[in-house]
Structures are given as structure tokens and as C-alpha cells.
Ligand SMILES: Nc1nc2c(ncn2[C@@H]2O[C@H](COP(=O)(O)OP(=O)(O)OP(=O)(O)O)[C@@H](O)[C@H]2O)c(=O)[nH]1
Ligand SMILES: [Mg+2]
């Protein structure tokens, strides 16, 4: 759980996670929040061995906070790793549903807002439009089949994370979620989606910005173009040259 200035919501989110799924441990990755979230996390950790805190020196972005958390979990041999926002947008009571999808065989499960049973509360029209357009753009550019590729409420099988080169993932905001989902989807590993109810934060302040949206669009565009060029290259490498092609066709024909 990455945190930056989440003092109001952190304690209840952590308590709700451990109530909903007592077999889980919680790692808070705090970027030296000026509001003292890190100290509150330390107090929670002191009272419950299932809670740990990773303190980083300063705000370094959501993507790198998640990568640091993944490394922490992989170094400790956890089997499953979840991402949950601290701001109350993700409902910890839905973790068991995500957990089941992983134990049923998915390598990545995405908590999806835009599927039957999924919902968003307290979101103005422009946020819905941004979210829908982001997923649509990623589907067109990357050929993804996912319905909510920017969702940050998700779970990975640790082996799927281990198979990725995390040091090559440099995205920050939404594009981090898109990049990670696409890497897993592209590798052919099973990806599941489960409906979630996303509730916009009631306290603290949003860190969403135009810069995050622009970063995501630019990265998805570049990945999409590279991917197409790469698959064109692979296709022409697989296709035999004209002379060879004739030979192959002759060899393949009945006479
Ligand atoms: N450690 C760390 N956590 C962050 C950073 N930026 C955001 N977070 C946390 O990541 C979670 C998700 O943040 P976002 O959804 O990007 O930001 P938000 O403020 O929730 O924005 P909304 O989309 O409006 O809800 C929250 O728990 C934030 O506190 C960061 O740079 N470092
Ligand atoms: Mg949020």
C-alpha cells in the first residue's frame, strides 16, 4: 500500500484489510509524507506483526513505490502480492474475491470498475471519461483485451512478478498500471478481472494530475508503435524470401 499524506484514511484501510483477509500481511510504502503518515504506519506496525513499513526518503512516485514493495515481498517469499490504495477508494472487503481469482489460477487479477457488477461512486463525468478513454486507448494501441487496465486494485502471483524485469519498469502514475498489466498479458499468462466498487476519496487530497494523464497517453502511444514495428519485423523475418517461398509452396503442394 503506497502512501503519501494519507493520515486520515490509513488506519481504517489497514484495519479493514486485516479484518477482511486475516491471512494477509500489509506493507505500507511511505514516501516521508509531510503529514506524518509514516509515523502512524510505524505505530500500527508496532501493534501488529502482520503490518510492516518501508520508509523512503521522499516522494518518488507511485510506480517506484510499488516496485519497492514488490521487491520487498519477493525477497520474503510471499506467494501473492496485492496493490491497494490507502485513500479508501478500494474496498478491502473485495480482497477475498481477488484472492480467489489468483488461487483459481490467474497470474494477475484486476479489480475492474467497467464490467457487470463493477461500480464507481463520487466520480464526476470527466473522471469517468478519462478512465474509459484510457482503457480504450490502451486496447487500441496495445491490443489489450482488459476492460480496466489503469485500475490499481489488483493482485499478482509472485512468480508472475519474478518473471518480469522490474528494473526496466519506469512508469509513474496510471501508466505504471497499464505497463504492468500489459507485460503480464503479453507474456500469455492468465489474467482475470473481477468487479469492484471504486469510491472516490472522502478525505485527504487527490494526486491525480493532467501530467499523469499525459504521461500515460504518451507512453501507451510509444509502446503501441514499438509493438507494431516489432511485430511487423517478426512477421517479415518469419516469411521466407520469394525463392524460398516458392520452394516451400511446391514442397507443401500435393504434386
Ligand atoms: N509512496 C507513495 N505513494 C503515493 C505516491 N503518489 C500517490 N501515492 C499513494 O498511492 C495511492 C493512489 O494514489 P492515486 O490514486 O494516484 O492518487 P489519488 O490521490 O488517490 O488520486 P485519485 O485518483 O484522485 O484518487 C494513494 O494511497 C496515495 O497516497 C508517491 O509518490 N509515493
Ligand atoms: Mg485514489
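The values are calculated or read from the model by the stated rules, or taken from the named source; none is laboratory data. No experiment lies behind these values; they were computed from the predicted model shown. Please note: Cβ atoms are built from the backbone with ideal geometry, for glycine as well, and neighbour counts cover all protein chains shown.
Overview of results
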quantity	calculated
Residue within the stretch 113-122 that is modelled with pLDDT of 95 or more, within 30 Å of residue 75 (Cα to Cα) and buried (at least 20 other Cβ atoms within 10 Å of the Cβ) present	no
Failed condition for residue 128, given (1) in contact with a strand residue (DSSP E or B) (Cβ under 8 Å, 6 or more places away or on another chain); (2) surrounded by fewer than 21 Cβ atoms within 10 Å (Cβ to Cβ); (3) not in a helix (DSSP H, G or I)	(3)
The stretch 166-197, residues that are within 14 Å of ligand 2 (Cβ to nearest atom) and surrounded by fewer than 23 Cβ atoms within 10 Å (Cβ to Cβ)	173, 197
Restricting the stretch 32-60 to residues that are near ligand 1 (Cβ under 10 Å from one of its atoms) and more than 19 Å from residue 82 (Cα to Cα), the residue that is surrounded by the most Cβ atoms within 10 Å (Cβ to Cβ)	37
Condition met for residue 86 (crowded, with 18+ Cβ neighbours inside 10 Å, outside any helix (DSSP H, G or I) and modelled with pLDDT of 95 or more)	yes
Subset of the stretch 184-203 (residues that are part of a loop (DSSP other than H, G, I, E, B), at pLDDT 95 or above and within 16 Å of ligand 1 (Cβ to nearest atom))	196
Restricting the stretch 61-76 to residues that are in contact (Cβ under 8 Å) with a residue 60 or more places away in the chain and out of contact with any strand residue (DSSP E or B) (no Cβ under 7 Å at 6 or more places or on another chain), the residue that is farthest from ligand 1 (Cβ to nearest atom)	74
Check on residue 130, modelled with pLDDT of 95 or more and either within 15 Å of the chain's Cα centre (by Cα) or within 15 Å of ligand 1 (Cβ to nearest atom) (or both)	no
From 158, 138, 163, residue being surrounded by 22 or more Cβ atoms within 10 Å (Cβ to Cβ), touching a residue at least 24 places away in the same chain (Cβ under 8 Å) and more than 15 Å from ligand 1 (Cβ to nearest atom)	138
Within the stretch 1-28, considering residues that are within 15 Å of ligand 2 (Cβ to nearest atom) and touching a strand residue (DSSP E or B) at 6+ places or on another chain (Cβ under 7 Å), the one nearest to residue 76 (Cα to Cα)	1
From 143, 211, residue being over 28 Å from residue 72 (Cα atoms), within 14 Å of ligand 1 (Cβ to nearest atom) and either over 15 Å from the mean Cα position of the chain (by Cα) or surrounded by fewer than 19 Cβ atoms within 10 Å (Cβ to Cβ) (or both)	211
When residues of the stretch 89-112 are limited to those that are surrounded by fewer than 20 Cβ atoms within 10 Å (Cβ to Cβ) and outside any loop (DSSP other than H, G, I, E, B), the one farthest from ligand 2 (Cβ to nearest atom)	103
Considering residues of the stretch 214-237 that are surrounded by 13 or more Cβ atoms within 10 Å (Cβ to Cβ) and free of Cβ contacts under 8 Å to residues at least 60 places away in the same chain only, the residue farthest from ligand 1 (Cβ to nearest atom)	228
